[in-house]
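Here, each number is a calculation from the coordinates, and none is a lab measurement. It should be emphasised that the depicted structure is a prediction, and the values quoted were computed from it without experimental measurement. Using ideal geometry, Cβ is built from the backbone for each residue, glycine included, and neighbour counts are taken over all protein chains shown.
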Ligand code: EPU
């Protein structure tokens, strides 16, 4: 385990916003979380936060007087199951996109449309990452966790994770309780059947690509993402900052009357932001991407306080125009302190 002291959180997260963390523990071995727990207690700390790749998290400006625990354990074990199925058991610290590569190299379908998403395998189930018609919850069979309060280790079955759009028990009712050690996926050799996500299909048509091989689709998705979404290595952002908004089924008629695009009960919130005239506009150093309106880019801001002001102002404008309240996707360290 690597222990670091007084680490600026802004250096750990892709939005580059956040005060100083008293400690960072980096875990490289599968069960090192047990040792981390003892260290946490021995140092008399009260607060902790589990961080993945930092692509969907930032922190308030106040110093975080606790420990940020980062899983770097990244082993992948592969087991061929009878028939076409393959079981992947993957350390939570594995880079998500490395895992996607491994699956597509083996000709497995299930996560190819999630190619190019930044972050780690351990963080993927927390917000149930999803893109281009797939979401990670469909492929997860179970998750191996440590209960940080009791030190107990256990498997949680996918059904008990209560997955929904960008939601699970890990960012919901059990927030902060479980440290994700490794994730088990069951994928199938083969190809996606049925309709593809609209913009993915259009891209393939444009390029005259008819193959649906997982590696081909993964490559296509990476290209689409590259053309729309900022590369967090180069441009500070945390991907989609705002979530798409879900309405009640009885509200769909009203959406249609008002000409608001939606996919079932999911309102295309990027459209609301775009039609509010906000694309490319700057708010306190944060710019709404001119390519993807759900994305907020940190152009020149240094403070969380500026982000809060920017979000408030953007939300107000959209609310005044359309009557919908925007919802933020990323997590904020320091706002929802653990224990
Ligand atoms: N739209 C606009 N203007 C925009 C963006 C979107 O009008 O600037 C409308 C259009 O009607 C478009 C629809 O929204 O047809 C859907 O847009 P898009 O396919 O680009 O996806 P999104 O809703 O903006 C979501 C995810 C992305 C994911 C894409 C593709 C969320 C919060 N975001 O974005 O995920 O890559 O779908 O599946 O659900 C992320 O979570 O960080 C992320 C990038």
From the Cα centre of region 186-222 to that of region 293-329, the distance in Å is 33
Plugging the Cβ-Cβ distance of residue 34 and residue 257 into 1/(1 + (r/R0)^6) at R0 = 45 Å yields, to the nearest 0.05, a FRET efficiency of 0.20
In whole µm²/s, the translational diffusion coefficient that Stokes-Einstein assigns to the chain, given a Kirkwood hydrodynamic radius over C-alpha pairs, 37 °C and 0.692 mPa s, equals 156
Between the modelled labels at residue 41 and residue 312 (7 Å from Cα along Cα→Cβ) the distance in nm is 4.2
Dividing the mean separation of Cα pairs under 8 Å (6+ apart) by the residue count of the chain yields a relative contact order in percent of 18
Inter-part gap, Cα centre of region 248-262 to Cα centre of region 1-36, in whole angstrom, is 44
One point scatterer per Cα, no solvent, Debye formula: log10 I(q)/I(0) for region 237-333 at q = 0.13, 0.17 Å⁻¹ comes out as -0.43, -0.71
Dividing the helical contributions, -39500 (n - 2.57) per DSSP H run of n ≥ 4, by the residues of the chain yields a 222 nm value, nearest 500 deg cm²/dmol, of -7000 deg cm²/dmol
Mean Cβ-within-10 Å packing, highest first, puts peptides 13-25, 235-247 in the order 13-25, 235-247
FRET efficiency for residue 219 and residue 324 from the Cβ-Cβ distance with R0 = 41 Å, rounded to 0.05, comes out at 0.70
Note: residue 175 to residue 207 extended length (0.36 nm per residue) minus current alpha-carbon separation gives 7.2 nm
For the residue 89, residue 303 Cβ pair and Förster radius 35 Å, calculated FRET efficiency rounded to 0.05 is 0.30
